[in-house]
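What follows is a single structure, written as structure tokens, with notes after it.
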Amino acid sequence: MADRRLQVFVAVAKHRNFTRAADALFMSQPAVTFQIKQLEDLYRTRLFERRHGSIALTPAGELVLPYAEKIMALSDEMESRMGEISGEIRGPLLLGASTTIGEWLLPALLGEFNALYPQVRIRLNVANSTQIETQIAGHALDLGLIEVPAKLAGVASEVCGSDELVVICAPDYPLPSGRSIAAKTLVDYEYIARENGSGTREVSDAYFRTHKIDPQALKVQMELGSLEAVKKVVHLGLGYAIVSRAVAAPEIAAKSLRVLALKPPLKRSLQLIYPQEKFRTRLADTFIDFAKHKFRELAV
């Protein structure tokens with residue numbers, strides 16, 4: 001096991017907040033503060049600058065962070081490899097997922113995986129696709145699930161499933177009636193877009209370009225980083241949005257939102273990404289096979 005002080009240090013560095021780090025570690029804030037003080041006493045230097053309402057890494061803290069992350073990654077890998085010797089699938093698995101996948105497609109999958117392998121400790125970080133890929137490149141995560149192929153050097157990607165993007169709007173929003181809509185028709189209506197860096201935004205922008213529409217020509221009313229916020233704004237009748245069909249499924253069933261397929265359909269591949277040169281444990285391979293199987297079931 002990695003030194004507990006390093007685990008606490010990495011959590012505080014990630015959250016930039018002692019209280020949030022304590023919550024993530026299931027520790028009290030005084031215990032987190034004590035562990036950081038012990039580490040600072042060991043190295044005889046400050047690792048964090050305490051400011052009004054926030055903290056930041058000192059130059060010494062910036063130096064320590066990548067080493068601490070590597071030590072923790074090696075410790076996790078050792079635990080997984082030791083489990084392999086006894087034939088067990090156990091140990092920590094650091095996952096990252098884009099917002100759509102992490103909030104809508106993964107929860108049930110993770111529940112099933114945990115039931116099969118109760119000795120696995122999954123830690124999930126949800127962010128946009130660009131942020132997840134950056135963390136994979138920096139070896140902060142074992143595996144990532146995003147909606148676009150990897151672009152960064154040292155990051156490998158493979159298709160693990162597929163997803164359909166659709167247009168959603170309020171029932172009384174003045175988009176043409178029908179079950180589908182062409183990209184060129186959307187140019188005349190208010191657009192509630194995802195933020196830059198989102199896989200959904202990247203794929204939908206590419207779709208518009210394919211149909212000779214410059215995304216800059218769209219009437220973007222808002223750019224939002226939360227899918228729940230997107231749906232709430234759309235429900236208020238402020239515009240249409242393009243989201244995964246899975247994201248809108250509850251509202252479609254309740255008839256609180258209207259859905260239109262894009263014509264031609266807009267489908268994307270879900271990508272599983274991982275560090276190219278990092279050793280992949282049996283646990284990681286087991287999760288990859290499980291995820292591919294489950295995503296194939298969803299696509300049927």
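Between Thr58 and Phe48, Glu49, the built amide H atoms are under 5 Å apart, and every one of these is 5 or more places off in sequence or on another chain.
In plain terms, the chain from Leu236 to Gln29 could stretch by 70.5 nm, reckoned as 0.36 nm per residue minus the Cα-Cα distance. Inverting the pair-averaged 1/r between distinct Cα atoms of segment 49-124 gives 15.2 Å as its Kirkwood hydrodynamic radius.
In whole angstrom, segment 1-78 maps to an equivalent ellipsoid with semi-axes of 19, 15, 11, each derived as √(5λ) from the alpha carbon gyration tensor and ordered largest first.
Amide hydrogen proximity for Gly91: with H placed 1.01 Å from N in the peptide plane, the residues at 5 or more positions away or on another chain lying under 5 Å are Val120, Arg121.
Taking the Cα centre of the chain as reference, the dipole from Cβ charges on Lys and Arg (+1) and Asp and Glu (-1) amounts to some 360 debye. Taking the charge dipole of segment 232-289 about its Cα centre, with +1 at Lys and Arg Cβ atoms and -1 at Asp and Glu Cβ atoms, the residue from Leu238, Ala284, Ser269 reaching farthest to the positive side is Leu238. Rounded to the nearest 20 debye, the dipole magnitude of segment 1-54 is 140 debye, with +1 charges on Lys and Arg beta carbons, -1 on Asp and Glu beta carbons, and the Cα centre as origin. Within the set Lys14/Lys292; Lys70/Lys294; Lys151/Lys267; Lys37/Lys278; Lys14/Lys232, which residue pairs have Cα atoms separated by over 27 Å? As for pairs spanning more than 27 Å Cα to Cα, those are Lys14/Lys292; Lys70/Lys294; Lys37/Lys278; Lys14/Lys232. Shown in residue order for segment 45-51 are the 3J(HN,Hα) couplings computed by the Karplus curve 6.51 cos²θ - 1.76 cosθ + 1.60 at θ = phi - 60°: 7, 7, 9, 10, 9, 8, 10 Hz (x for Gly and Pro).
For the chain, the 222 nm mean residue ellipticity estimated from helices alone, with every DSSP H stretch of n ≥ 4 adding -39500 (n - 2.57) and the total spread over all residues, rounds to -14000 deg cm²/dmol.
So how far, in whole Å, is the C-alpha centre of segment 87-155 from the one of segment 194-257? If you average the Cα positions of each part, the centres end up 24 Å apart. For the chain, hydrophobic long helices are taken as DSSP H runs at least 24 Å long by C-alpha position along their axis with mean Kyte-Doolittle hydropathy of 0.5 or more; none is present.
Think of the chain as a dipole: +1 on every Lys or Arg Cβ, -1 on every Asp or Glu Cβ, centred on the Cα centre; then among Gly96, Leu141, Tyr191, Tyr191 lies furthest on the positive end.
With +1 on each Lys and Arg Cβ and -1 on each Asp and Glu Cβ, and nothing else charged, work out how big the dipole of segment 163-267 is about its Cα centre, in Debye to the nearest 20. Before the final figure, lay out the partial values.
Values: 14 positive and 12 negative charges, 68 e Å.
The dipole magnitude comes to about 320 debye.
The stretch between Ala156 and Tyr43 holds 37.0 nm of extra length on full extension. This uses 0.36 nm per residue minus the Cα-Cα distance.
Each reported figure results from applying straightforward, stated rules to the coordinates on display, with no laboratory input. Everything quoted here is computed from the prediction, not taken from an experiment. Neighbour counts run over all protein chains shown; Cβ positions are idealised from the backbone, glycine included.
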